[in-house]
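Every number in this text was worked out from the coordinates using simple rules, so none of it is lab data. Please read these numbers as outputs of a predicted model, since none were measured by experiment. Positions of Cβ are generated from backbone atoms using ideal geometry, with glycine treated the same way; all protein chains shown enter the neighbour counts.
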Amino acid sequence: MTTQPFRLVIISGRSGSGKSTVLNTLEDAGFTCIDNLPPPMLPELVRWMAASASNREVAVCIDVRVSSEGITELPDILASLPNAIKAEVLFLDADESILLQRFSATRRKHPLTNDHLSLAEAIDHEAQLLSSIANRADLKIDTSLLSLQELREQVKEKLIAKPKGLSLQFLSFGFKHGIPKDADLVFDVRCLPNPFWDKSLRQYTGRDQPIQEFLQKETSVNEMFDDIVRFVTRWLPEYENNQRSYLTVAIGCTGGQHRSVYLVEQLTATFKAQHPSTQIRHRDMGNDH
């Protein structure tokens, strides 16, 4: 009987970014989940789980709650794990203003606040402590604008029902709402003709036929589309050869309603032919305020 490969998912990120929701979602999916593990204990846990645990899927949440100093050692600890075990690192984050709102709403104490460190200062300091883990992450999720249900769905799509090979996602967004923290490649399409200035088109989105017909007639839009297709096609194999598990290509216009949505729809349709697991997400569509 073939032994199921051991799978280790490390969850980290700033406090208030949704780590508990992710851990609960993975536990519901059958993972053995461990919260708030001190980083130095990870190698021993891996040895024990790999040798004797019946469940071969393990998720571990590691952050600043136990040791704000020890957390900086996590990348080196991960590098020291046996070659047969490749940890997948999921890093969660959100805009500082959103994190401030969440802590204010829940009235929970941030793990780094004290008599000398305010909540805003603690959130900023935590980002510095976690920077090496964020840089090491295989997958990043920006939860700033996600509901709990949307976060659960992303975890199910990207971790639980994980496709083989590299997972490609096209994401539309509006620069007025900020650049997505989880984007790997960002293309700025604000230079393209904007349907927003036609009052008869303003109510539609890039998924609607009137906008599609407007943009399809524009030479610059078609050239931008062709250039992005060529770029992603050229470099996607290199990302796959580099053992990347996820690649998020973000397309941004001003409000995230028309141009970026249209291009993301077209790009997804194009790449799905060769990459059936290609995913699509419109971050700001319907959020133009």
*asked:* Neighbour counts of other C-beta atoms within 10 Å: give me ARG107, ARG259, ARG102 arranged from fewest to most.
replied: ARG107, ARG102, ARG259
*Of all DSSP beta bridges located in segment 7-160, what percent are antiparallel, nearest 5?*
5
*Taking all pairs of different Cα atoms in segment 7-160, averaging 1/r and flipping that mean, what Kirkwood radius in angstroms comes out?*
15.9
*Debye log10 I(q)/I(0) at q = 0.11, 0.18, 0.21 Å⁻¹ for segment 167-282, Cα point scatterers*: -0.34, -0.88, -1.16
*How much length is gained on full extension from ASP188 to HIS116, taking 0.36 nm per residue of separation minus their Cα-Cα distance?*
21.8 nm
*Might you report the magnitude of the Cβ-based charge dipole of segment 167-282 about its Cα centre, with Lys and Arg at +1 and Asp and Glu at -1, to the nearest 20 debye?*
300
*Efficiency by 1/(1 + (r/R0)^6): what FRET value for ALA127 and LYS164, r their Cβ-Cβ distance, R0 = 22 Å, to the nearest 0.05?*
0.10
*Could you put PHE91, PHE225 in order, starting from the residue whose Cβ has the fewest other Cβ atoms within 10 Å?*
PHE225, PHE91
*Can you flag which of LYS162/LYS272; LYS176/LYS272; LYS140/LYS272; LYS19/LYS140; LYS86/LYS158; LYS109/LYS156 are past 20 Å Cα-Cα?*
LYS176/LYS272; LYS140/LYS272; LYS109/LYS156
*Could you list which residues have their amide H under 5 Å from that of ASP35, counting only those 5 or more apart in sequence or on another chain, with H placed in the peptide plane?*
CYS61
*Name the residues whose placed amide hydrogens come within less than 5 Å of the amide hydrogen of ARG7, ignoring near sequence neighbours (fewer than 5 apart) on the same chain.*
GLU57, VAL58
*asked:* Give me HIS177, HIS275 sorted ascending by neighbouring Cβ count inside 10 Å, so fewest comes first.
replied: HIS275, HIS177
_Could you work out the relative contact order of segment 167-282? I mean the mean sequence separation of Cα pairs under 8 Å and 6+ apart, divided by the number of residues, in percent._
54
*Could you state the angle between the C-alpha long axis of helix 219-241 and the longest principal axis of the C-alpha atoms of the chain, as a value from 0 to 90 degrees rounded to the nearest 10?*
20
_Cβ neighbours within 10 Å, averaged per peptide: list 238-244, 108-114 in order, most packed at the top._
108-114, 238-244
*Taking the Cα centre of the chain as origin, sum charge times position over the Cβ atoms of Lys and Arg (+1) and Asp and Glu (-1), and report the length of that vector in debye to the nearest 20.*
520
*Based on alpha-carbon positions alone, could you give the equivalent ellipsoid semi-axes of segment 239-289 from the gyration tensor, as √(5λ), descending, whole Å?*
24, 13, 8
*Can you list which of the trypsin sites (Lys or Arg not before Pro) found in segment 191-238 are DSSP loop residues with at most 11 other C-beta atoms within 10 Å?*
LYS199, LYS217
